[in-house]
Amino acid sequence: MYSMPTSQGQAHPQRWLILGVISVAQLTVLLDNTVLNVAIPSLTEELDAGTADIQWMINAYSLVQSGLLLTAGSAADRYGRKKMLVCGLVLFGIGSLAAGLADTTGQLIAARAGMGVGGALLVTTTLAVVMQIFTTEEQPKAIAIWSAVAALGFATGPLLGGFMLDHFWWGAIFLINLPVVALALFAVISLVPESRNRRGDRPDLLGALLSTIGMASLVYAIISGPEHGWTSGRVLAPAAAALVVLALFAYWESRIPYPMLDLHFFRDQRFTGAVSGAVLIAFGMGGSLFLLTQHLQFVLGYGPLEAGLRTAPLALTIVALNFTGLSARWTAKLGNPVSIALGMTLMSGGLVSIATLAASGYAGTLLGLVLIGAGSAVAGPAMAHAIMSAIPREKAGVGAGVNGTLNEFGIGLGVAVLGAVLNARFAALIPVAASSLPAALASAESADERARITDAFASGLETSQLVGAAAVFLGGLLAAALLRRAERADSAVTMAA
């Protein structure tokens, strides 16, 4: 078996084939994040699922996955990244089988939670393996391809789900994972080299428990906010619990000699710059797509599948720029700080385009989607590479866990903040409106009143998209400035030596 290189000057001879294998494994997880949304009508009818059941079917997966990302990354570093990748595939496959054969909503929710455990292991170990098998020079291109897989999953998930539901019953959307998992398992066992942190630090069990509870509570609060209200007990209680538990986690990690997440990483300006930018990229992407989906369906009247098709240009732009290597070449020429500033400026411009031109037709939305996709293709991989390269190579799993956690947190924060801006603007313009646009439209007594409600909602969307654009633009400048300062400091140390 190929032994892992001891320096970044060496690379695995089959590294590109391995990248293809782990990308397939990652794509399976990402498809499952989007494909279930298309099946909601079928699940409602065939399993007699209520609104709360549907929400838990979707949220059980994301809650478990986001809560376990740091723990999964730490376990991969300690016990072996290949071993945890295999475990992730097995758990994801078992969960998919259980979901496909579920007879009740409870069984499906439990199966989705099990798939979330496998998903957390797969998301972290795939990126950690990329950092192990590629040289420093090749890592940006490899990470760009790894990032493009996420966009591909986003773009093809609704299409695959629609096709499967047209020809098979709803369980097929889960059972289709099984042959992919089997193929990926065979390829991983045959090709992927084992690597782990040979220092053999003691497992940080309390840290793992605190991070899991804290992140799951935080994500639950963010998910519950739009439905129950941000000041309700069902949101404030888990949010307060999350703050307390995560504060305990930070205190514990700072006191022990073998922390799961070394808080000294945050003293590195490269790391803090990349972290701030990563959160705001996910903030802009997650929040804007959440709002755009509502605009396409509620304002322009498209169905869910057609709305998904009309957002596909964003993902396809990312895929085109990353798979062709254009974004990696730009990053190599410009450097991480400039690439991040440029990418997030493009994303900000895309949000402004959607905010100001979407009302005049799809052309303005299309322009915005292409700009957001291009910006994400440039800034996203540069940001991920900056995070991973700021963390010691033996902690690659933890680095991947941090990257995944930031993405989950940023998306949730974007949905929460921009959704709150939208609702505040909507309520200000239509003080007597119901709590949501569909409810307000249902209570409208005339065509003029319906038009006024729709216009108010569109105005709220415009305001929230502009807020998102400002956050992304300022975040890009901040991240670029911190990364540039860190590079200058590193250069000064090198010259002094």
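The values are calculated or read from the model by the stated rules, or taken from the named source; none is laboratory data. The shown structure was predicted, so the numbers you read here are calculated from the model rather than taken from an experiment. Note: ideal-geometry Cβ built from the backbone for every residue, glycine included; neighbour counts use all protein chains shown. We work out accessible area using only protein heavy atoms, side chains counted, and drop any ligands, DNA or RNA first. Shrake-Rupley method; radii C 1.70, N 1.55, O 1.52, S 1.80 Å.
Observations on the model:
- Any hit, the stretch 276-297, residues being more than 30 Å from GLU462 (Cβ to Cβ) and either of a type in the set (A, V, I, L, M, F, W, C) or in contact (Cβ under 8 Å) with a residue 24 or more places away in the chain (or both): no
- Test: ALA110 is within 25 Å of the chain's Cα centre (by Cα) and either free of Cβ contacts under 8 Å to residues at least 12 places away in the same chain or open to solvent by 10 Å² or more (accessible area, probe 1.4 Å) (or both): yes
- Those residues of the stretch 445-469 which are closer than 16 Å to VAL352 by Cβ, open to solvent by 50 Å² or more (accessible area, probe 1.4 Å) and either of a type outside the set (Val, Ile, Thr) or touching a Pro at 6+ places or on another chain (Cβ under 8 Å) (or both), in sequence order: GLU462, LEU466
- Condition check for LEU369: in a helix (DSSP H, G or I) and free of Cβ contacts under 8 Å to residues at least 12 places away in the same chain: no
- Residues that are among the acidic types (Asp, Glu) and surrounded by fewer than 20 Cβ atoms within 10 Å (Cβ to Cβ), drawn from the stretch 50-103: ASP53, ASP103
- Exactly one residue out of ALA379, ALA358, ALA341 is of a type in the set (Gly, Ala, Ser), open to solvent by less than 10 Å² (accessible area, probe 1.4 Å), in contact with a Gly (Cβ under 9 Å, 6 or more places away or on another chain) and within 17 Å of PRO140 (Cβ to Cβ), and it is ALA379.
- Single condition ARG425 does not satisfy, out of (1) open to solvent by less than 40 Å² (accessible area, probe 1.4 Å); (2) under 16 Å from ALA469 (Cβ atoms): (1)
- Selection status of GLY364, touching a residue at least 24 places away in the same chain (Cβ under 8 Å) and open to solvent by less than 20 Å² (accessible area, probe 1.4 Å): no
- Residues in the stretch 406-422 that are more than 27 Å from LEU261 (Cα to Cα) and crowded, with 21+ Cβ neighbours inside 10 Å: LEU418, LEU422.
- Taken as a whole, the structure places ILE213 among residues that are part of a helix (DSSP H, G or I) and either aromatic (Phe, Trp, Tyr) or open to solvent by 60 Å² or more (accessible area, probe 1.4 Å) (or both).
- Out of ALA148, ALA184, ALA155, sole residue that is within 30 Å of THR331 (Cβ to Cβ) and modelled with pLDDT of 85 or more: ALA184
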